[in-house]
Amino acid sequence: MQLPLPPAELKRLLIENGLVEPVRFDDLLAAAERKNQSIFDVLVSEKVVEEDYLQNLVAAALGVPRIDFASQTVNANTVRLLPETSARERQVVLFGREADGTYDAAMINPADLETIAFLSQRLGAKVKPFLASQEDLDRGFSVYGYELGKDFKELIEENVRQSLASQAKGAKEEANDLPIVAIVDNILSYALASRASDIHIEILEEATFIRYRVDGILYEVMSLPKEVHPAIVARIKLLAGLKIDEHYEPQDGRFRHEVGTQVIDVRVSVIPTYYGEKAEMRLLESTQKPLSLEELGMSPENAKILNANLRKAYGMIVACGPTGSGKTTTLYALMNILNKPEVNITTIEDPIEYNMRYVNQTQINERAGITFAGGLRALLRQDPNIIMVGEIRDAETAEISVQAALTGHLLLSSLHTNDAPTAIPRMFDLKVPPFLVGSVLNLVIAQRLVRRICQSCIYSYEADQGALATVAAELKALGVADGSSRAPRRLYRGKGCSACGGTGYRGRLGIYELLEVTDAVKQTLTEEHFDLDRLRGAARQGGMKTMFEDGLLKIELAQTTLEEVLRVIRE
């Protein structure tokens, strides 16, 4: 987020309030510029100041009130007085009108006199600026998405009718046919407005189905006549630079798409299925910044353990979980913490999801001979201090990774395991000897993603006996019978509103399980007959909390629901 105060003024404000020393601020400003991040985000992630407190300080310095859309009602009709493109470009949301006719405007920069004058002239009335966070503005922008949803089907259906009536011939001509171009553009635009991470375009016997994944859950959006399916897939292939006339081999590509001022990278996968080709598009914000540990949802206790292990000069830190559990996002957050002028960070990834400044990122390319194992060998000749291997998939990659971590490198990677303790036998399966696992492995992070409760429609209720019994049974099944964790007495849920599309959820956060490889854990690895239960016991004695226990903490903090935690734990 950008602050409406110049760095020098912000520095003075923080020093006057006793929040930072001058040298410390200068160091943080240099780090922010190096990583191409806002000084605001760095101040918050480094825990110099709480975000809410910093917002209050800035609002007071500017002499304007703050707005919080989690508690303030947004007038949808007022929001739509300003077109979405203008609102996003100027980072402003109109949210209400006062008795004297003055319009209330939530702004990232309430000192932007040009925007205030623009709004006043357009509306023919006075405008009162409020300081808003980026999260608040995004909630305001969601109103546009809600309205787009009403018109989405009509727009698509009209373009489908035009496409079916078109005389376009040939795959390339169909891909450039204006109705097909409009259909694909609308599918992408509505996906962005819906906060979708993935778009699935699937053909069945009777029709083509479009589904979006929002906050980890797939929703069917609409169906189309299957006659337009080949043209839609051809359009997507054309955008992604794929072979339009290839229908029997999987293809992968990517392209960049703009909606107003928002730019996204779209990763495309096309595969043949029984009735035709299925297209899947992963939407990635091209300007996405790495999240802090707090933004990921990591508790202060887990963040402390993780930071202590990041300070070690060598060894391995492994993130675990199934596909879609946020492992890559966690690895990017760790690299962001480690990204300093005095270290050389190199990666081998498949694919590179986000470009990180001052990090040397290499894409897997098997046709060119760049595999995880081969690429890792090459990276070791690049004088790295820190290495990130996207995933350890085979024994060869595991062997090279272990050797790299033993020879003075800090290595970050991921494994597909259900929890933290099972990462150990997984490494055994990859032919890493137990004594080497104990010597090289510093920390295992297991995780899942749960949906956040929408703060615009949250409410609380008393936990009933059924919920208490369910939690108790789950804790017993996990071997947590020592009374260290219990069911929350008060639960929370979202009613459903325009901000969350009626789901009661908006956004996601992680629940985590951190296993430190202590001396007690190492001892269980080298026993003649390895026992996973003994390993779990040693990890528990060392302070490990299960993902379910971390989920219970998130429930107590009104961040997610019991149903969500149970859903992801039982996957």
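The values are calculated or read from the model by the stated rules, or taken from the named source; none is laboratory data. From a predicted model like this one, the values you see are computed outputs, not experimental measurements. Backbone-built Cβ (ideal geometry, glycine too); neighbour counts: all protein chains shown. For the accessible areas, the whole protein counts, side chains as well, though only heavy atoms, and no ligand, DNA or RNA atoms are used. Shrake-Rupley method; radii C 1.70, N 1.55, O 1.52, S 1.80 Å.
Miscellaneous remarks
- Hits in the stretch 385-408 (condition: crowded, with 21+ Cβ neighbours inside 10 Å, in contact with a strand residue (DSSP E or B) (Cβ under 8 Å, 6 or more places away or on another chain) and not hydroxyl-bearing (Ser, Thr, Tyr)): 386, 387, 388, 389, 390, 392, 402, 404, 405
- Selected residue [closer than 21 Å to residue 444 by Cβ, touching a Gly at 6+ places or on another chain (Cβ under 8 Å), open to solvent by 50 Å² or more (accessible area, probe 1.4 Å) and not aliphatic (A, V, I, L, M)] from 508, 536: 536
- Residue check for residue 88: over 27 Å from residue 8 (Cβ atoms), open to solvent by 20 Å² or more (accessible area, probe 1.4 Å) and under 28 Å from the mean Cα position of the chain (by Cα): yes
- Failed item, numbered, when residue 164 is tested on (1) touching a helix residue (DSSP H, G or I) at 6+ places or on another chain (Cβ under 7 Å); (2) of a type in the set (A, V, I, L, M); (3) modelled with pLDDT of 85 or more; (4) over 29 Å from residue 284 (Cβ atoms): (3)
- Listed by position, the strands (runs of 3 or more DSSP E) contained in the stretch 448-530 that have at least 1 residues being out of contact with any His (no Cβ under 9 Å at 6 or more places or on another chain), modelled with pLDDT of 90 or more and among the acidic types (Asp, Glu) are 458-462, 505-516.
- When restricted to residues that are surrounded by 20 or more Cβ atoms within 10 Å (Cβ to Cβ) and out of contact with any helix residue (DSSP H, G or I) (no Cβ under 6 Å at 6 or more places or on another chain), the stretch 75-85 contains 1.
- Flag if residue 290 is touching a Phe, Trp or Tyr at 6+ places or on another chain (Cβ under 7 Å) and assigned to a loop (DSSP other than H, G, I, E, B): yes
- Residue 564 passes every criterion in (1) open to solvent by 50 Å² or more (accessible area, probe 1.4 Å); (2) modelled with pLDDT of 90 or more; (3) acidic (Asp, Glu) apart from (1).
Each row is one residue, and each column tells you yes or no for (1) touching a residue at least 60 places away in the same chain (Cβ under 8 Å); (2) among the small types (Gly, Ala, Ser); (3) open to solvent by 10 Å² or more (accessible area, probe 1.4 Å); (4) more than 27 Å from residue 268 (Cβ to Cβ).
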residue: 347; (1), (2), (3), (4): no, no, no, no
residue: 352; (1), (2), (3), (4): no, no, yes, no
residue: 357; (1), (2), (3), (4): yes, no, yes, no
residue: 362; (1), (2), (3), (4): no, no, yes, no
residue: 367; (1), (2), (3), (4): no, no, yes, no
residue: 372; (1), (2), (3), (4): no, no, yes, no
residue: 377; (1), (2), (3), (4): no, no, yes, yes
residue: 382; (1), (2), (3), (4): no, no, yes, yes
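- Where residue 238 falls short, out of the listed (1) buried (at least 17 other Cβ atoms within 10 Å of the Cβ); (2) touching an Asp or Glu at 6+ places or on another chain (Cβ under 8 Å); (3) farther than 21 Å from residue 355 by Cα; (4) hydrophobic (A, V, I, L, M, F, W, C): (2)
- In the stretch 7-32, the residues that are part of a helix (DSSP H, G or I), under 22 Å from residue 132 (Cβ atoms) and open to solvent by 40 Å² or more (accessible area, probe 1.4 Å): 7, 9
- Complete set of residues in the stretch 198-223 that are within 22 Å of the chain's Cα centre (by Cα) and open to solvent by 30 Å² or more (accessible area, probe 1.4 Å): 211, 213, 217, 218, 219, 220
- In the set (1) open to solvent by 50 Å² or more (accessible area, probe 1.4 Å); (2) at pLDDT 95 or above, residue 439 fails one condition alone, (2).
- Evaluation of residue 133 against (1) under 16 Å from residue 94 (Cβ atoms); (2) at pLDDT 85 or above (one fails), failing number: (1)
Okay, residues lined up against (1) buried (at least 17 other Cβ atoms within 10 Å of the Cβ); (2) out of contact with any helix residue (DSSP H, G or I) (no Cβ under 8 Å at 6 or more places or on another chain); (3) within 30 Å of residue 554 (Cα to Cα):
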| site | (1), (2), (3) |
| --- | --- |
| 263 | no, yes, no |
| 272 | no, yes, no |
| 293 | yes, no, yes |
| 297 | yes, no, yes |
| 307 | no, no, yes |
| 312 | no, yes, yes |
| 335 | yes, yes, yes |
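- Some residue of the stretch 244-256 being closer than 30 Å to residue 135 by Cβ, surrounded by fewer than 20 Cβ atoms within 10 Å (Cβ to Cβ) and of a type in the set (A, V, I, L, M, F, W, C): yes
- Taking the criterion of being surrounded by fewer than 19 Cβ atoms within 10 Å (Cβ to Cβ) and under 30 Å from residue 125 (Cβ atoms), the only residue of the stretch 33-56 that qualifies is 56.
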